[in-house]
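Engineer: Dropping a structure here in structure tokens format, bear with me for questions.
The values are calculated or read from the model by the stated rules, or taken from the named source; none is laboratory data. The structure presented is a predicted model; accordingly, all values stated were derived computationally and were not measured. All Cβ positions, even for glycine, are placed from backbone atoms using ideal geometry, and neighbour counts span all protein chains on display.
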Amino acid sequence: MEIEKVKIEGLLIVRPAVFEDDRGYFFEAFNAEKFKQAGLQTKFVQDNLSKSSKDVLRGLHFQNPPHGQGKLVSVVRGAVLDVAVDIRKNSPTYGQHYSIILSEKNKTQFYIPPGFAHGFKTLEDNTIFSYKCTEGYNKDAEGSIKWNDEQLGIDWDVKNPIISEKDQIAPSFEELNSQFTF
């Protein structure tokens, strides 16, 4: 298992060692000791799965403190463009984003700690997306940012994604009053 830091502090890419043969494949998707050595939160309390058609866009979502949610995300089937936006006040990368392709083929995982808004766009039909969460869902703590906010400059590579009503009316990044600090 290889755990790589990226340009925005706190975000981690996890690339498992995959063992393939004529029967299929095997890989270790989670190892608490290896994650701990990399500084990764290992107390996961909730697992979620979503299934989406191609060009579905979900996000950008987060949960406010004290219910901030870290997520270890991966794709079981299909592929996504996954995006995390730094919403930690006083962070040198506040408002910046990082994107990565996650797929059933590359088996890459992405760790997004509390203090980031998260979203993804599906690249294939019948994509199954997996989230391991460090905090349970709390409706009163949920927040969102408009997925196509010009200030964020995220290239989703889609003109008319399929989005929820909630995501259509999400506030702009400028309207965000982040409760997270760096």
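Engineer: So residue 59 passes all but one of these: (1) at pLDDT 95 or above; (2) buried (at least 20 other Cβ atoms within 10 Å of the Cβ). Which condition number does it fail?
Structural biologist: Just one mismatch for residue 59, condition (1).
Engineer: Residue 51 is checked against (1) more than 16 Å from the chain's Cα centre (by Cα); (2) charged (D, E, K, R); (3) surrounded by 14 or more Cβ atoms within 10 Å (Cβ to Cβ) and fails just one. What number does that condition carry?
Structural biologist: (1)
Engineer: Name every residue in segment 77-103 that is touching a residue at least 40 places away in the same chain (Cβ under 8 Å) and either among the β-branched types (Val, Ile, Thr) or farther than 15 Å from residue 116 by Cβ (or both), in order of residue number.
Structural biologist: The answer is 77, 78, 79, 80, 81, 83, 85, 87, 93, 100.
Engineer: Counting residues that are of a type in the set (Gly, Ala, Ser), which strands (runs of 3 or more DSSP E) fully inside segment 82-145 reach at least 2? Walk me through it before giving the result.
Structural biologist: Values: elements: 97-103, 109-112, 116-122, 127-133, 142-144.
Qualifying strands (runs of 3 or more DSSP E): 97-103, 116-122, 142-144.
Engineer: In addition: For segment 48-75, give me each residue that is assigned to a loop (DSSP other than H, G, I, E, B) and among the polar types (S, T, N, Q).
Structural biologist: Once the filter is applied, which keeps residues that are assigned to a loop (DSSP other than H, G, I, E, B) and among the polar types (S, T, N, Q), segment 48-75 yields 53, 64, 69.
Engineer: Does segment 146-172 hold any residues that are of a type in the set (Asp, Glu), surrounded by 15 or more Cβ atoms within 10 Å (Cβ to Cβ) and in a loop (DSSP other than H, G, I, E, B), and which are they?
Structural biologist: Correct list: 149 only.
Engineer: I've got another one for you. Could we say that residue 105 is within 21 Å of residue 25 (Cβ to Cβ) and either surrounded by fewer than 14 Cβ atoms within 10 Å (Cβ to Cβ) or at pLDDT below 95 (or both) here?
Structural biologist: Yes.
Engineer: Shifting gears a bit: Within segment 1-26, how many residues turn out to be at positive phi, assigned to a strand (DSSP E or B) and either in contact with a Gly (Cβ under 7 Å, 6 or more places away or on another chain) or surrounded by 10 or more Cβ atoms within 10 Å (Cβ to Cβ) (or both)?
Structural biologist: Number satisfying all stated conditions: 0.
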